[in-house]
1. Residues of the stretch 97-118 with amide nitrogen under 11 Å from the 7 Å Cα-to-Cβ point of Ser27?
2. Could you pull out every one of the aspartates and glutamates with an alpha carbon less than 12 Å from that of Lys50, ignoring same-chain neighbours closer than 8 positions?
3. Heavy atoms only, probe 1.4 angstrom, no DNA, RNA or ligands counted: give me Arg66, Arg106 ranked by accessible area, highest first.
4. Counting only protein chains, not ligands or nucleic acids, how are Asp102, Asp89, Asp72 ordered by accessible area (probe 1.4 Å), most first?
5. Just to be sure I understand: with springs between alpha-carbon atoms less than 10 Å apart, which residue in Ser56, Ser30, Ser70 has the highest mean-square fluctuation in the Gaussian network model of the chain?
6. Roughly how much of Tyr58 is accessible, in Å² to the nearest 10, using a 1.4 Å probe?
7. So which aspartates and glutamates pass the test for Lys75, namely a Cα distance under 14 Å, with those fewer than 8 places away in the same chain ruled out?
8. For a distance above 18 Å, tell me the whole-number percent of Cα pairs in the stretch 44-120 that qualify.
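The values are calculated or read from the model by the stated rules, or taken from the named source; none is laboratory data. Everything quoted here is computed from the prediction, not taken from an experiment. Cβ coordinates were reconstructed from backbone atoms using ideal geometry, including for glycine residues, and neighbour counts include every protein chain displayed. Protein only, heavy atoms only, side chains kept; ligands, DNA and RNA dropped before computing areas. Shrake-Rupley method; radii C 1.70, N 1.55, O 1.52, S 1.80 Å.
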Amino acid sequence: QVQLVESGGGLVQAGGSLRLSCAASGSIFSINLMAWYRQAPGKQRELVAKLNSGGSSYYTTSVKGRFTISRDNAKNTVYLQMNSLKPDDTAVYYCNADITPDGGSRSVGYAYWGQGTQVTVPS
């Protein structure tokens, strides 16, 4: 059973910083991609940033230059460093990963989600 556990959310004033962490655990053969999504009240969930196993990253336009996604392969952990936070960044942030579990087909990956962590930036 594969699990993603997030941490690091909280309340921070505009202009401040937070670092989110997401650790994958369980029977894992490979982690193919790790990503962060967010969902603000009344809005659809959106992709914030993603990082593949080759090291290529993607950021949605609104966070470019402020957020950095990184990964510790030894710990099966992905981070999201968020700087210069704005009220518009307020949302529940979800970790997502495409993982090939150990013991099954090694060419098939499955999507897993964390439970979400709240980030609040008051206006």
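1. The answer is 101-105.
2. Within the straight-line limit of under 12 Å, Lys50 reaches these aspartates and glutamates: Asp98.
3. Arg106, Arg66
4. Heavy-atom accessible area, descending, gives Asp102, Asp72, Asp89.
5. The residue that fluctuates most here is Ser56.
6. For Tyr58, solvent-accessible area is about 100 Å².
7. Answer for Lys75, where 14 Å is the Cα cut-off: Glu6, listed by chain and number.
8. Cα-Cα pairs in the stretch 44-120 separated by more than 18 Å: 47 percent.
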